[in-house]
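Asker: If you scroll down you'll find the structure; I have some questions about it.
Read the figures in this text as sums done on the coordinates, not as results from a lab. Keep in mind that what you see is a predicted model, and the values were worked out from it rather than measured. Cβ placement follows ideal geometry from the backbone for every residue including glycine, while neighbour counts extend to all protein chains displayed.
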Amino acid sequence: MIKERKVLVTGSSDGIGRSITLSLLKSGAKVIGLARDHSKFNPEMKNYIKYKTDFSNEEILLNTIAKIIKEHKDLDCLVSNAGFGKFGTLETFSSKEINDFIFTNLTSHMILTNKILPHLKKIKKGNIIFIGSESALKGGKNGSLYSAAKFGLRGFSQSIREESCSKKYSCKFN
Ligand SMILES: NC(=O)c1ccc[n+]([C@@H]2O[C@H](COP(=O)([O-])OP(=O)(O)OC[C@H]3O[C@@H](n4cnc5c(N)ncnc54)[C@H](OP(=O)(O)O)[C@@H]3O)[C@@H](O)[C@H]2O)c1
């Protein structure tokens, strides 16, 4: 029953994450929304709980995750969506831009999952959904950074599915 679920949606203030959040809220689920700027989407719904965080900053991200796990023992779903695109030929990017891009668009998803997965295993239920891209299937011109992150995310999600799907955890992954 969707009404009994509590879903953590990252990047809930805009775009795809915002649409997912709105749809879940209308279905009666409780949603914990994460973003830097909630003023862009601020529905007055009692089943919506917002946390301000920054997926480009490891310390802020870790503090937010620890707070959420402590305050929401009934959290049972993660929609790992926050991210952005950056396109251009590889040599136009500095090493800092490459590192920052991969941190927000791949590493932060891995860190978040690393902290949430033990909680889901403990409560013996849950779903994790990653928002991928066609760029995870084939690289293309100007897409080196974006494809690297999305290929990585796809490999990561396949691996944790293999690690987590067992009778012990009675997982059902699609
Ligand atoms: N749009 C597409 O055509 C498309 C296609 C395939 C996949 N995707 C993927 O779908 C996901 C969402 O994309 P979108 O098009 O919906 O983007 P969007 O409209 O720009 O929304 C991005 C969301 O992520 C949040 N976000 C971005 N950087 C953040 C950060 N450093 N810390 C915290 N939150 C951050 C934004 O919130 P704040 O700005 O408030 O922080 C916003 O809520 C991404 O992973 C993207 O790669 C998009």
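Asker: Once fully extended, how much extra length lies between GLU59 and LYS141, figured as 0.36 nm per residue of separation less the alpha-carbon to alpha-carbon distance?
Answerer: Extending this stretch completely gives an extra 26.1 nm.
Asker: Once both axes come from the Cα atoms, what is the angle between helix 15-26 and the longest principal axis of the chain, in degrees from 0 to 90, rounded to 10?
Answerer: 10
Asker: Test of the criteria: in the stretch 49-90, which trypsin sites (Lys or Arg not before Pro) are in a DSSP loop and have at most 15 other Cβ atoms within 10 angstrom of their Cβ?
Answerer: LYS73
Asker: Among the listed pairs LYS115/LYS141; LYS26/LYS96; LYS3/LYS122; LYS86/LYS121; LYS52/LYS125, give every one whose C-alpha distance is greater than 31 Å.
Answerer: From the list (LYS115/LYS141; LYS26/LYS96; LYS3/LYS122; LYS86/LYS121; LYS52/LYS125), the Cα-Cα distance tops 31 Å for LYS115/LYS141; LYS26/LYS96; LYS86/LYS121.
Asker: What does the charge add up to near ILE160, with Lys and Arg as +1, Asp and Glu as -1, over the other residues with Cβ less than 14 Å from its Cβ?
Answerer: +2
Asker: Turning to a different aspect of this structure: Tally Lys and Arg at +1 and Asp and Glu at -1 over the other residues with C-beta under 14 Å from the C-beta of SER147: what net charge comes out?
Answerer: Net charge in that neighbourhood comes out at +4.
Asker: Same structure, new question: Hey, got the dipole for the stretch 37-160? About the Cα centre, +1 on K and R Cβ, -1 on D and E Cβ, debye to the nearest 20?
Answerer: With Lys and Arg at +1 and Asp and Glu at -1, about 500 debye.
Asker: Same structure, new question: Would you mind checking the radius of gyration and Dmax of the stretch 70-160 based on alpha-carbon positions, in Å?
Answerer: 14.9, 46
Asker: Send over the Kirkwood Rh of the chain, from the inverse of the averaged 1/r over different Cα pairs, rounded to one decimal Å.
Answerer: With all distinct Cα pairs of the chain included, I get 16.8 Å.
Asker: Related question: Compute the distance in nm between two label points, each set 7 Å from the Cα along the Cα-to-Cβ direction, one at ALA66 and one at PHE93.
Answerer: Placing both labels 7 Å along Cα→Cβ, they lie 3.0 nm apart.
Asker: So how much slack lies between LYS26 and LYS122, counting 0.36 nm per residue of separation and subtracting their Cα-Cα distance, in nm?
Answerer: Full-extension gain reported as 31.7 nm.
Asker: What FRET efficiency would be calculated for the residue pair ILE102, ARG161, taking the C-beta separation as r and a Förster radius of 30 Å, to the nearest 0.05?
Answerer: 0.90
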